[in-house]
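The values are calculated or read from the model by the stated rules, or taken from the named source; none is laboratory data. This is a predicted model, so every value here is computed, not measured. Here Cβ is always computed from backbone atoms with ideal geometry, including for glycine, and neighbour counts include all displayed protein chains.
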């Protein structure tokens, strides 16, 4: 099955438990349609670059999935209809990276970047 990575932003006035509940909800949507949630990460509340629906902040969540295209389309459809979800981004990848995402790594663990001039 194809591999996907999803990032979605939910409203800032949700509690962190409610935001993590959305991750579980969309994971069950995938499993009901023949896919599986490989890994998920809750990134917390972050400030956005611009306002979305009069919100300056949002709860960010990251999902790694292994699911058929029909299951991903159904999950995206339900995300877009859900009142608490503001934005959704889905990317098809060749393989999932090992370990935590860059957002969850400490600055010391990240690969060295070249110097700015």
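See the values below:
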item: Selected residue (criterion: farthest from residue 55 (Cα to Cα)) from residues of the range 73-87 that are outside any helix (DSSP H, G or I) and out of contact with any helix residue (DSSP H, G or I) (no Cβ under 8 Å at 6 or more places or on another chain); result: 83
item: All positions within the range 1-46 that are farther than 16 Å from residue 90 by Cβ and part of a helix (DSSP H, G or I); result: 16, 17, 18, 19, 20, 21, 24, 25, 28, 31, 32
item: Single residue of 79, 86 found to be within 10 Å of residue 9 (Cβ to Cβ) and in contact (Cβ under 8 Å) with a residue 12 or more places away in the chain; result: 86
item: Residues satisfying the stated conditions in the range 4-45, i.e. surrounded by 15 or more Cβ atoms within 10 Å (Cβ to Cβ) and more than 14 Å from the chain's Cα centre (by Cα); result: 12, 14, 29, 33, 35
item: Qualifying residue in the range 38-48 (condition: at pLDDT 90 or above, more than 26 Å from residue 105 (Cα to Cα) and in contact with a helix residue (DSSP H, G or I) (Cβ under 9 Å, 6 or more places away or on another chain)); result: no
item: Which listed residue is within 29 Å of residue 70 (Cα to Cα) and without any contact (Cβ under 8 Å) to a residue 12 or more places away in the chain, from 28, 47; result: 28
item: Residue match in the range 46-57 (condition: within 14 Å of the chain's Cα centre (by Cα) and surrounded by 14 or more Cβ atoms within 10 Å (Cβ to Cβ)); result: no
